[in-house]
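Shown next, in structure tokens, is the structure this report addresses.
The values are calculated or read from the model by the stated rules, or taken from the named source; none is laboratory data. Quick caveat: nothing in here was measured; it's all calculated off a predicted structure. So basically every Cβ, Gly included, is an ideal-geometry build from the backbone, and we count neighbours across all protein chains shown. Heads up: the accessible areas ignore ligands, DNA and RNA and are worked out on the full protein's heavy atoms, side chains in. Shrake-Rupley method; radii C 1.70, N 1.55, O 1.52, S 1.80 Å.
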Amino acid sequence: MKQYYSERTGLLAEAPTLKLKELREYFFGIYVYFLHQGCFESAFSGIWREHGYDDRTQVLPPTLAPSPEIFFFTKLNNNHVWPIPDCYEKYSEETLFSVIEILYDHIALFDFETLELENEAPRTEFVEHINNVLRFYGEGYYLEPTNGFIMLIPNESLRNQLSYDGADIPDTVLTQLTTATKMYYRFESNMEEKKKAINILADILELERKRLQDILNQEYQINKNKHDRLIFDTVNNCNIRLFLLS
């Protein structure tokens with residue numbers, strides 16, 4: 001992204017921390033921008049093909065089925081989320097973050113030639129604009145571009161982990177890994193969800209524990225008794241499995 005004069009010369013003033021009210025207004029501006037481009041048409045009303053005056057056929061039902069109002073209510077247990085223009089000014093932090101995640105999941109443009117939804121390009125742009133403001137809110141937040149959940153800004157190692165595309169591992173394991181990551185790092189995760197996430201990771205690694213020990217010993221010269229101690233000692237010594245089964 002291009003750097004302008006103040007940023008290039010190191011004279012850019014430090015941005016103030018955004019309050020929730022300000023974040024809601026910036027969110028709404030971003031939402032309207034994508035709404036006017038038709039990026040939520042498939043989510044809110046479905047796709048219709050016009051055949052003339054008062055004659056049209058529905059090509060695709062709304063992805064927020066059966067309707068946005070019902071979808072937001074059932075997902076958030078809140079009947080003051082939709083319509084967004086009427087409700088956004090009163091969103092709590094958790095409601096706002098959840099709405100952003102839902103919009104991430106459903107943003108798309110419909111290609112009438114292929115009759116398919118294309119979400120990669122609008123989703124990438126949506127993430128960029130949202131992150132440009134989320135990073136100034138509170139401690140600094142981040143809409144993860146691969147999985148689409150909001151978390152505190154991660155370090156580089158965690159970013160690499162979150163962007164992993166799951167190549168060469170079974171779909172079931174990828175689902176477990178993604179679920180555990182969301183449970184642990186999502187903005188509203190509590191201690192019980194973090195415990196469950198650690199337990200899921202332990203279940204994944206348990207099946208590969210011996211093979212990983214051999215690989216680490218032979219290729220990386222790491223003592224096999226040390227590399228898995230962090231997660232398995234955490235699970236066993238903190239009685240996470242026992243706690244979850246009780």
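Annotations for the structure displayed:
- With all projection directions averaged, the alpha carbon convex hull of the stretch 6-47 covers 4.7 nm².
- Projected over all directions and averaged, the alpha-carbon convex hull of the stretch 1-135 occupies 10.5 nm².
- Across the stretch 69-139, the mean sequence separation of Cα contacts (distance under 8 Å, 6 or more residues apart), normalised by length, yields a relative contact order of 16 percent.
- Summary of the geometry: the stretch 1-32 and the stretch 136-152, compared by the centres of their Cα atoms, lie 15 Å apart.
- Rolling a 1.4 Å probe across the protein heavy atoms gives the stretch 82-202 an accessible surface of 53 Å² per residue.
- Residues whose placed amide H lies under 5 Å from that of L18, excluding near-sequence neighbours: Y137, G138
- Extension gain, E193 back to D105 (0.36 nm per residue minus Cα-Cα distance, nm): 29.5 nm
- Placed amide H near Y142: partners under 5 Å, 5+ positions off or other chain: M151, I153
- Phi-derived couplings, Karplus 6.51 cos²θ - 1.76 cosθ + 1.60 at θ = phi - 60°, listed residue by residue for the stretch 114-119: 8, 6, 10, 7, 10, 10 Hz, with x used for Gly and Pro.
- 3J(HN,Hα) couplings calculated from phi for the stretch 85-95 with the Karplus curve 6.51 cos²θ - 1.76 cosθ + 1.60 (θ = phi - 60°) are, in sequence order, x, 8, 10, 4, 5, 10, 4, 6, 4, 5, 5 Hz; Gly and Pro show x.
- Label-point separation, T146 to A15 (7 Å along Cα→Cβ), nm: 2.4
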